[in-house]
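All remarks here apply to the structure that follows.
The values are calculated or read from the model by the stated rules, or taken from the named source; none is laboratory data. Everything numeric here is computed off the predicted structure, so don't read it as measured data. Every residue, glycine among them, receives a Cβ derived from its backbone with ideal geometry; neighbour counts consider all protein chains shown.
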Amino acid sequence: MINRIVLGMFLITIMIVTSCTSEDNAGIIIDTANIQQISNTAKSGTWRITSFIDSGNNETANFVGYDFTFNDNGAITASNGSNVINGTWSVSNGSSSNSNDVDFDITFVAPNNFEDLSEDWDIVSISDTKINLIHISGGNGGTDTLIFEK
């Protein structure tokens, strides 16, 4: 009787674990072989920042109302209808010795709150509707996270 209960619980656990999927698993595999696919996904429409944590400080409110467009020519545009902020972006091989390291680079020169987005971000996950990025500072060791969503 106990063996059947244990077996039943084991089978239920297996069914639950195998039926769950995460957004990360549904996204693009992050490696240098997929740089063009990552770039094409970023260029596929407009994005909004749904989270920006700068060394533990939530600075998401600085970007409310801005639509971000990643253009073919390496330009990134942030617009809220009355203000347009221009910068650059790229997806490239990372600088680490890991051959699968991919950098998602963003550069804005002004205003100050947009300059905070200027980093060589590492991609945590990317899908058709979400780009999840992280940057660990070499200077102070702070961790920044940035999430774009459609």
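If you take the residues in the range 19-42 that are among the hydroxyl-bearing types (Ser, Thr, Tyr) and not in a loop (DSSP other than H, G, I, E, B), which one is modelled with the lowest pLDDT?
Ser19
Here are the criteria: (1) under 21 Å from Thr41 (Cα atoms); (2) among the hydroxyl-bearing types (Ser, Thr, Tyr); (3) under 15 Å from the mean Cα position of the chain (by Cα). Tell me which single one Thr77 does not satisfy.
It fails just one condition, (3).
Being under 19 Å from Val64 (Cβ atoms) and touching a Phe, Trp or Tyr at 6+ places or on another chain (Cβ under 8 Å) is the filter here, so list the residues in the range 96-131 that pass it.
Residues satisfying the conditions are Ile106, Phe108, Asn113, Phe114, Glu115, Asp116, Leu117, Lys130, Ile131.
Looking at the range 119-138, which of the residues that are over 11 Å from the mean Cα position of the chain (by Cα) and not in a loop (DSSP other than H, G, I, E, B) is surrounded by the most Cβ atoms within 10 Å (Cβ to Cβ)?
Glu119
Mind checking whether some residue in the range 52-64 is free of Cβ contacts under 8 Å to residues at least 40 places away in the same chain and either touching a helix residue (DSSP H, G or I) at 6+ places or on another chain (Cβ under 8 Å) or among the hydrophobic types (A, V, I, L, M, F, W, C) (or both)?
Checking the range 52-64: at least one residue is free of Cβ contacts under 8 Å to residues at least 40 places away in the same chain and either touching a helix residue (DSSP H, G or I) at 6+ places or on another chain (Cβ under 8 Å) or among the hydrophobic types (A, V, I, L, M, F, W, C) (or both).
Just to be sure before I move on: is Gly87 surrounded by fewer than 19 Cβ atoms within 10 Å (Cβ to Cβ) and more than 19 Å from Gln37 (Cβ to Cβ) in the structure I sent?
No: the conditions fail for Gly87.
Take Asp116 and decide whether it is charged (D, E, K, R), surrounded by 13 or more Cβ atoms within 10 Å (Cβ to Cβ), closer than 20 Å to Ile30 by Cβ and in contact with a strand residue (DSSP E or B) (Cβ under 7 Å, 6 or more places away or on another chain).
Taking the combined requirement at face value, the residue does not satisfy it.
Anything in the range 24-50 that is exposed (fewer than 15 other Cβ atoms within 10 Å of the Cβ), under 18 Å from Asp128 (Cβ atoms) and small (Gly, Ala, Ser)? List them, or say none.
Once the filter is applied, which keeps residues that are exposed (fewer than 15 other Cβ atoms within 10 Å of the Cβ), under 18 Å from Asp128 (Cβ atoms) and small (Gly, Ala, Ser), the range 24-50 yields Ala26, Ser44, Gly45.
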